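Structure, as structure tokens:
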Amino acid sequence: MFVSEPRRPRITARDDASILHADLDSFYAAVEQRDDPRLRGKPVIVGGGVVLAASYEAKARGIRTPMNGHRALRLCPEAIVVPPRMSAYAAASTAVFEVFHDTTPVVEGISIDEAFLDVGGLRRIAGEPVDIAHRLRARVAAEVGLPISVGIARTKFLAKVASAVAKPDGLRLVAPGGELEFLHPLPIERLWGVGEVTARNLHEHGITKVGHIAALGETRLRTILGPAAARHLYALSQARDPRRVETGKRRRSIGAQRALGRQPRPLTEIEAFVHGLIDRLGRRLRTAERCCRTVVLRLRFDDFTRATRSHTLAHGTDDTAVILAAARTLLHEARPMIQERGLTLIGLALTNLVDADPRQLTLPLTPRADNTLDTTVDALRQRFGSSAVTRAALLGRGEGISVPLLPD
């Protein structure tokens with residue numbers, strides 16, 4: 001008779017605080033202040049029509065991203081506005097990640113300016129996690145010239161919260177056994193998954209601190225948020241987060257957006273911007289050798305409300321024409337809302353990404369062409385720059401800002 005082994009208890013956290021969350025402070029603005037000494041100690045805004053980043057001096061005046069540029073200057077008339085330099089930010093990110101990977105082989109990049117690092121196995125060769133964190137911060141400051149905040153805890157969630165609390169340019173250790181004492185006094189907005197709508201809903205019930213969620217309990221929280229959100233937030237309020245720091249993870253979606261300002265735009269111009277966004281995303285897909293199944297259109301209107309529409313394709317693809325057709329269909333369906341409410345930002349995301357594996361064949365079973373228009377245009381842009389070839393509809397309008405991403 002077969003006898004199953006007793007089930008192991010699920011590990012909700014490691015025994016020691018050895019997960020680091022390293023997060024560069026006001027990254028774009030910090031790079032500008034590093035490269036131009038005249039900007040140091042002054043309120044700096046990166047961007048024009050929309051605030052892409054703000055220095056801590058500007059944040060102290062209430063400036064946030066992605067605030068309208070005119071509103072930001074009303075809050076802080078003496079702010080210095082500088083255009084974004086994406087190549088400089090990409091180079092700085094690469095240098096910082098070299099420090100991360102030289103610190104530990106277990107690095108999980110979250111974005112170009114933050115990552116989780118697992119240093120649990122380095123005690124004998126590198127010392128305690130807090131000592132490793134101090135050295136990491138010193139190296140980033142000395143070798144890259146940027147401030148970075150680091151949180152240390154037993155879980156990824158708490159490490160991220162700790163780095164946010166430590167900002168700017170600080171370090172915070174959440175010692176084992178002290179997690180709830182650290183977490184419960186914090187505002188509920190510190191919890192992953194608490195956005196504006198959820199926060200407003202919880203505030204209406206008098207729930208403003210993480211400790212209030214823990215005291216309320218999961219059962220009563222369900223009546224406010226529903227079962228899934230209640231389970232998630234209650235677990236976080238108890239500092240439960242079993243996720244490991246993972247290397248080699250591929251992103252599940254890619255996206256791009258373009259701010260349009262508040263002036264009215266004809267639909268033909270909006271459609272031209274969609275063409276530019278799709279060109280950019282298609283290039284990223286093919287470079288990463290991925291295909292997408294779902295196209296998502298995101299809209300922000302003049303009254304600051306938002307809408308999202310999506311379309312799932314029958315098969316994964318990296319064909320610009322197929323993706324563009326889906327995006328244009330979504331845009332056409334959203335036309336009445338755009339005409340009624342005005343449009344200030346348009347974004348596109350490609351989700352349900354899969355590897356472009358030639359073994360995953362679909363009918364007809366024909367070889368994948370390597371001389372398509374997409375591959376030809378990609379090669380030209382790779383050789384001569386992203387603006388070497390553009391659509392006629394974008395002449396005089398540009399492709400917009402392309403935000404640097406971590407390698408996929």
Would you tally the residues in the range 26-45 being closer than 16 Å to P147 by Cβ and assigned to a strand (DSSP E or B)?
1
Return only the number of the condition from (1) on the phi > 0 side of the Ramachandran plot; (2) in the same structural domain as E32 (by TED's automatic domain parsing); (3) under 25 Å from the mean Cα position of the chain (by Cα) that S163 does not satisfy.
(1)
Filter result (out of contact with any Leu (no Cβ under 8 Å at 6 or more places or on another chain) and not acidic (D, E)) within the range 283-315
R283, R286, T287, A288, F304, T305, T312, L313, A314, H315
Here the residues within the range 139-159 that are within 18 Å of the chain's Cα centre (by Cα) and either surrounded by fewer than 22 Cβ atoms within 10 Å (Cβ to Cβ) or of a type in the set (S, T, Y) (or both) are S149
Among the residues of the range 180-212, which ones are under 26 Å from the mean Cα position of the chain (by Cα), of a type in the set (A, V, I, L, M) and in a loop (DSSP other than H, G, I, E, B)?
L186, L191, V194
Residues that are part of a helix (DSSP H, G or I) and surrounded by 20 or more Cβ atoms within 10 Å (Cβ to Cβ), drawn from the range 213-249:
I213, L216, L221, L225, A230, L233, Y234, L236, S237
Restricted to the range 306-344 and to residues being of a type in the set (D, E, K, R) and assigned to a strand (DSSP E or B), the residue farthest from T294 (Cα to Cα) is R306
Identity of the residue in the range 98-129, assigned to a helix (DSSP H, G or I) and in contact (Cβ under 8 Å) with a residue 60 or more places away in the chain, that ends up farthest from R172 (Cα to Cα)
F100
In the range 81-105, residue surrounded by the most Cβ atoms within 10 Å (Cβ to Cβ) [restricted to those that are more than 28 Å from I125 (Cβ to Cβ) and hydroxyl-bearing (S, T, Y)]
Y89
Take G217 and decide whether it is under 27 Å from S18 (Cβ atoms) and among the small types (G, A, S).
no
Being in contact with a strand residue (DSSP E or B) (Cβ under 6 Å, 6 or more places away or on another chain), touching a residue at least 12 places away in the same chain (Cβ under 8 Å) and not hydrophobic (A, V, I, L, M, F, W, C) narrows it down to one of R283, R290, R298, R306, so name that one.
R298
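Conditions (1) more than 30 Å from H184 (Cβ to Cβ); (2) in contact with a Ser or Thr (Cβ under 7 Å, 6 or more places away or on another chain), marked per residue:
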position	(1), (2)
I80	yes, no
V99	yes, no
P105	yes, no
L122	yes, yes
D131	no, no
V150	no, yes
K160	no, no
G170	no, yes
Please verify whether A17 is closer than 30 Å to L180 by Cβ, hydrophobic (A, V, I, L, M, F, W, C), in a loop (DSSP other than H, G, I, E, B) and at pLDDT 90 or above, treating the condition exactly as stated.
yes
Options G177, G193, G217; residue that is on the phi > 0 side of the Ramachandran plot and touching a residue at least 40 places away in the same chain (Cβ under 8 Å):
G193
If D279 satisfies every condition in (1) buried (at least 18 other Cβ atoms within 10 Å of the Cβ); (2) outside any helix (DSSP H, G or I); (3) modelled with pLDDT of 85 or more but one, which is the exception?
(2)
May I ask you to verify whether D169 is assigned to a loop (DSSP other than H, G, I, E, B), buried (at least 19 other Cβ atoms within 10 Å of the Cβ), charged (D, E, K, R) and in contact (Cβ under 8 Å) with a residue 60 or more places away in the chain?
no
Can you confirm whether the range 308-319 contains a residue that is closer than 20 Å to L353 by Cα, buried (at least 20 other Cβ atoms within 10 Å of the Cβ), within 19 Å of the chain's Cα centre (by Cα) and not basic (K, R)?
no
Mind listing whichever residues of the range 51-78 are under 26 Å from G347 (Cβ atoms) and part of a loop (DSSP other than H, G, I, E, B)?
S55, G62, I63, R64, T65, P66, M67
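The values are calculated or read from the model by the stated rules, or taken from the named source; none is laboratory data. Just so it is clear, the structure is predicted and the values come from calculations on it, not from any experiment. When we count neighbours, we look across all protein chains shown, and the Cβ atoms used for this are built from the backbone with ideal geometry, even at glycine.
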